[in-house]
Amino acid sequence: MPTRNARIVLICAAVLTGMTGAAYAAVPLYRAFCQATGFAGTVSRRAATSGTVLDRSLVVRFDTNVRGLPWSFQPEQRRQSLRIGESGLAFFIVTNNGDTPLTGRAAYNVSPDLAGAYFHKIKCFCFDDQTIPAHTTMRFPVVYFVDPKFASDPDTKDYSDVTLSYTFYPVAKSSPKAAQALGGTAGGRL
């Protein structure tokens, strides 16, 4: 009988270990799935534009929010108009109003949700944690484009504008990349 009990304990321990591992892997796997498919308005990351630029223009609006950090966060421009397929460059201003350096990460999405599959970022402060020194303002760039397939998709072809929304959340521990931001590698101090 001790063998049976030992086997049950091992099975329970294996199940517990597997479930704990799955819980930790769920967020990165879900994020990867959303970025690959554009699910829930999630934007994908690209190395370059598609190369095709259409004559049709699109208005991109920028929305900014902060949760749990004493930061001010706003776009330099609330909206930009660009041709579909053309790369856009937007800047965002972030100020740490706190008395200590703080690290945050920006979560992002696009609305309407269907546009997320066609909205791609080449460079974004949201790819990494950002550490901002106390009472410091930094300027962060975003380079993006809207895939020309957006104009031919029956579900998105009638849209004339999309909204790119960011929300900064606190990060519990600083990563090595976040520490580099203190030197201005991810953005520039103002």
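The values are calculated or read from the model by the stated rules, or taken from the named source; none is laboratory data. The shown structure was predicted, so the numbers you read here are calculated from the model rather than taken from an experiment. So basically every Cβ, Gly included, is an ideal-geometry build from the backbone, and we count neighbours across all protein chains shown. The protein model used for the area step is the full one, side chains on, heavy atoms only, and it has no ligands, DNA or RNA in it. Shrake-Rupley method; radii C 1.70, N 1.55, O 1.52, S 1.80 Å.
For the stretch 82-177, the set of trypsin sites (Lys or Arg not before Pro) satisfying both a DSSP loop assignment and a count of at most 10 other C-beta atoms within 10 Å is given as Lys173.
Taking each residue as 0.36 nm, the span from Arg79 to Asn5 lengthens on full extension beyond its C-alpha to C-alpha distance by 20.2 nm. In straight-distance terms, cross-link reach from Lys121 covers every one of the aspartates and glutamates whose alpha-carbon lies under 20 Å from its own, apart from those fewer than eight places away in the same chain; here that gives Asp63, Glu76, Glu86, Asp113, Asp129, Asp147, Asp153, Asp161.
Largest to smallest in accessible area, the residues Ser81, Ser72 fall in the order Ser81, Ser72 (1.4 Å probe, all protein chains included).
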